[in-house]
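To start, the structure under review is shown below, and the notes come after it.
The values are calculated or read from the model by the stated rules, or taken from the named source; none is laboratory data. This one's a predicted model, so the numbers in the text were calculated from it and none came from an experiment. Virtual Cβ from ideal backbone geometry, glycine too; neighbours counted across all protein chains shown. All accessible areas refer to the heavy atoms of the entire protein, side chains included, with ligands and DNA or RNA removed. Shrake-Rupley method; radii C 1.70, N 1.55, O 1.52, S 1.80 Å.
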There are 2 protein chains.
Amino acid sequence: NIVTLIEQYFSSSPSSLLLKGKKVLVTAGPTREKIDPVRFFSNRSTGKMGYAIAETAAELGAEVTLISGPTNLPSPRNVETIRIESAQEMYEEVIKRFSSAHIVIKSAAVADYRPKYVFNEKMKKKPGDLVVELERTIDILKALGEQKTEQFLVGFAAETEQVEEYALQKLQRKNLDMIVANNVAQKGAGFASDTNIVTIFKRDGSITKLPLLTKKKVAEEILKEIAEAIG
Amino acid sequence: NIVTLIEQYFSSSPSSLLLKGKKVLVTAGPTREKIDPVRFFSNRSTGKMGYAIAETAAELGAEVTLISGPTNLPSPRNVETIRIESAQEMYEEVIKRFSSAHIVIKSAAVADYRPKYVFNEKMKKKPGDLVVELERTIDILKALGEQKTEQFLVGFAAETEQVEEYALQKLQRKNLDMIVANNVAQKGAGFASDTNIVTIFKRDGSITKLPLLTKKKVAEEILKEIAEAIG
């Protein structure tokens, strides 16, 4: 719209609109997998990294859609933000936008497992132990890797050990173009942090190790690498 | 401190300092029970009701300590806020302050179960289902009911069905002085809502049904009922 165009005209030099004309799909945050109306499984993702990527991509001129799990972050400026809760909902929102996207950045920490049985009423506790059966959720990144045509597909690997090894395996196994790896147990690289320490692996074998940076700055570096790679 | 006293002098008429000289212990928010460094079990509590109670108790002249699970709320004015994560940490912080408290209001949604085995590294997913064994956490409210001497002990019952029946059973079983019950499946009474619809049951058999109110207003009503009950 007009406001966006005027803002961009005054805020960015034309040379910085690296992603002008590109449709970028970003996922962010955790998912929640319900056990009953009150209880759920989740993870420590706060969405900060993904929101920074979505915001920065919009500043670089891209048309950005952000599919977000439950976070406390406001929708970034000039980004269409769609809020979902479960891995299944994330899958549905991503898959219907995949074919028209140029760049897809899957920074969300999607649950790998969900309860096999979901209770409609709050479960009453009982004495003694409880066994919860979990089943695998759809592997969204793998599905995208299989369906990929011209999209540039970026994954994340948040690990606590053997970070590079796991990241490279994931890049291959899921047919990604790039993977951004970080050790979430490292100080300054964790989920709720405003900083991150990442290594970027590309399909062509190139590796970029970044120092501790703000998540905003990491987002800029990731998007610059993508812009270079897609030419 | 001086600032607090001056603020209270100008903000409240003396007759409204209903809880002057009382030590009030409030718990709020969910707990998180770790599966590994990344994944956890939790629940939908946002802490809004408990934070409103803590804030209002301080406005009514009480000396307030708030033990809070992970929330996105700032510490209320003039309240000592202690942040914890698990049910076990909540128990430890509450129990050491219990004997010196006059009023204890347990609004936190403490997890009833936690994983029996916690992994030090992020679990790698595998094909197929997964079984998670859970064990009971300490029942904090029950422990307080058993240790109670002069404290006025208030519990909450967040249910999705048979709300009154479950609330009255809990009041008896846990030796409470008051229980505040709400149906979290009801519109306007849920966890993330700024409003609530509660019924207050007291040990003496009296029942106060409140209409849909802001959580701030519900907090005022609960604290007025407590002030009356303790004379």
Neighbours of A:Leu19 by Cβ distance under 13 Å: Lys/Arg at +1, Asp/Glu at -1, summed charge -2
Work out how far the C-alpha atoms of the range B:29-130 reach from end to end along every principal axis, then list the three figures in whole Å, largest first.
57, 26, 19
Could you put B:Tyr113, A:Tyr117 in order of accessible surface area, largest first, with the 1.4 Å probe and the full protein assembly present?
A:Tyr117, B:Tyr113
Per-residue mean of C-beta atoms belonging to partner chains within 10 Å, peptide B:39-46
6
Using protein heavy atoms only (no ligands, DNA or RNA), what is the total accessible area buried between B and A, 1.4 Å probe, nearest 100 Å²?
3900 Å²
Around B:Ala111, what is the net charge, scoring Lys/Arg as +1 and Asp/Glu as -1 over all other residues with Cβ under 9 Å from its Cβ?
+1
Inter-chain shielding metric for B:130-140, i.e. average beta-carbon neighbours from other chains within 10 angstrom, reads 4
Taking chain B and counting helices only, DSSP H stretches of n ≥ 4 at -39,500 (n - 2.57) each over all residues, the nearest-500 ellipticity at 222 nm comes to -9000 deg cm²/dmol
Just to confirm the numbers: B:Lys209, label point 7 angstrom along the Cα-Cβ line, distances to the other copies in nm, shortest first?
6.8
Along each principal axis of its Cα atoms, how long is the protein assembly as shown end to end? Whole angstroms, biggest number first, please.
76, 52, 37
Cβ-vector label at 7 Å, A:Ile230, separations to other copies in nm:
6.2
Under the Debye formula (equal points on every Cα, no solvent term), log10 I(q)/I(0) of chain B at q = 0.09, 0.13, 0.15 Å⁻¹:
-0.38, -0.77, -1.00
For the protein assembly as shown, dividing by residue count, accessible area per residue (probe 1.4 Å) in Å² works out to 46 Å²
Percentage of interatomic Cα-Cα distances in the range B:66-116 larger than 16 Å:
44 percent
Principal axis dimensions, largest first and in whole angstrom, of the range B:133-218 by Cα
40, 35, 23
Could you estimate the translational diffusion coefficient of the range A:85-167 from the Stokes-Einstein equation, with Rh from the Kirkwood formula over C-alpha pairs, at 4 °C and 1.567 mPa s, in whole µm²/s?
84 µm²/s
Run the label-point distances for B:Glu121 please: 7 Å along Cα to Cβ, every other copy, nanometres, shortest first.
4.4
Leaving ligands, DNA and RNA out of it, work out the accessible area of B:Ile138 with a 1.4 Å probe and give it in Å² to the nearest 10.
70 Å²
Give the residue from A:Leu130, A:Leu141, A:Ala111 lying farthest towards the positive end of the charge dipole for the range A:60-143; charges sit on Cβ (+1 for Lys and Arg, -1 for Asp and Glu) and the dipole is referred to the Cα centre.
A:Leu130
Please report, as a whole percent, how much of the solvent-accessible surface of chain A comes from carbon and sulfur atoms (probe radius 1.4 Å).
52 percent
Averaged across the residues of B:116-123, what count of C-beta atoms belonging to other chains lies within 10 Å of each residue's C-beta?
3
Net charge near B:Ala101: determine it from the other residues with C-beta under 9 Å of the C-beta of B:Ala101, scoring Lys and Arg +1 and Asp and Glu -1.
+3
